[in-house]
């Protein structure tokens, strides 16, 4: 129960970010938001990579969880818009399915790779006489650092989206 409540902020802020995202994407555009959101997420994840066995929840985890949740939520809407942009109506279901599959498969493969990194780094620390808590913190830190770097690469990749990936002008209601 305590662990679930500790991670509640990331879920709540992901929801808040997703709600804000649809308005923000109209103001700054798809590409800009797909650069901003991963950078926010990366900053939070990299900050979490420095957590040690004696770190405090409020100072070392709560703020990064809030920022990461916001960054993740802000990425959902523009990612979906970019993936569906220019797709013929009769293929919209296929495009949506491919996007959702890539999110699920990418998350599973990423988690598997980061788990391997974490376990390897922790095992190496244990072999050098570290305590279990220090070794686990080191392993998680390495995995989180790599996740943060991958998020930066995602944001930089969005810079290569063409100018054609833009929202149509907002309709004016009379």
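Coordinate-derived values only; no laboratory data. As the structure is a computational prediction, the values presented were derived from the model and not from experiment. For neighbour counting, all protein chains shown are included, and Cβ atoms are generated from backbone atoms with ideal geometry for every residue, glycine included.
For the reader, a short list of remarks on this structure follows.
- Against the main long axis of the alpha-carbon atoms of the chain, helix 63-84 sits at an angle near 40°.
- The long axis of helix 30-48 is offset from the longest Cα principal axis of the chain by roughly 10 degrees.
- Once the chain from residue 127 to residue 20 is taken as fully extended at 0.36 nm per residue, the excess over their C-alpha distance is 33.8 nm.
- Separation of the residue 104 and residue 58 label points, Cα + 7 Å toward Cβ, nm: 4.1
- Helical mean residue ellipticity (222 nm; -39500 (n - 2.57) per DSSP H run of 4+; nearest 500) of the chain: -26000 deg cm²/dmol
- Within the listed set 42, 102, 22, the residue fluctuating most in the Gaussian network model of the chain (springs between alpha-carbon atoms under 10 angstrom) is 102.
- Placing pseudo-labels 7 Å out from each Cα toward the beta carbon at residue 160 and residue 5 gives an inter-label distance of 4.6 nm.
- To the nearest ten degrees, helix 132-158 and the longest principal axis of the Cα atoms of the chain are 20 degrees apart.
- Order of 87, 117, 153, 25 under a 10 Å beta carbon neighbour criterion, fewest first: 153, 87, 117, 25
- Shape of segment 1-49, Cα gyration tensor, a/c cut at 1.5: oblate
- Whole-angstrom gap from segment 27-67 to segment 1-21, using each part's C-alpha centre: 13
- In the frame of its principal axes, segment 23-84 has Cα extents of 45, 17, 15 Å, reported largest first.
- Prolate is the label for segment 2-158, because a/c, from the alpha-carbon gyration tensor with a ≥ b ≥ c as root eigenvalues, is 1.5 or above and a/b exceeds b/c.
- Candidates 148, 107, 73: whichever shows maximal mean-square fluctuation once the chain is modelled as a Gaussian network with Cα springs under 10 Å: 107
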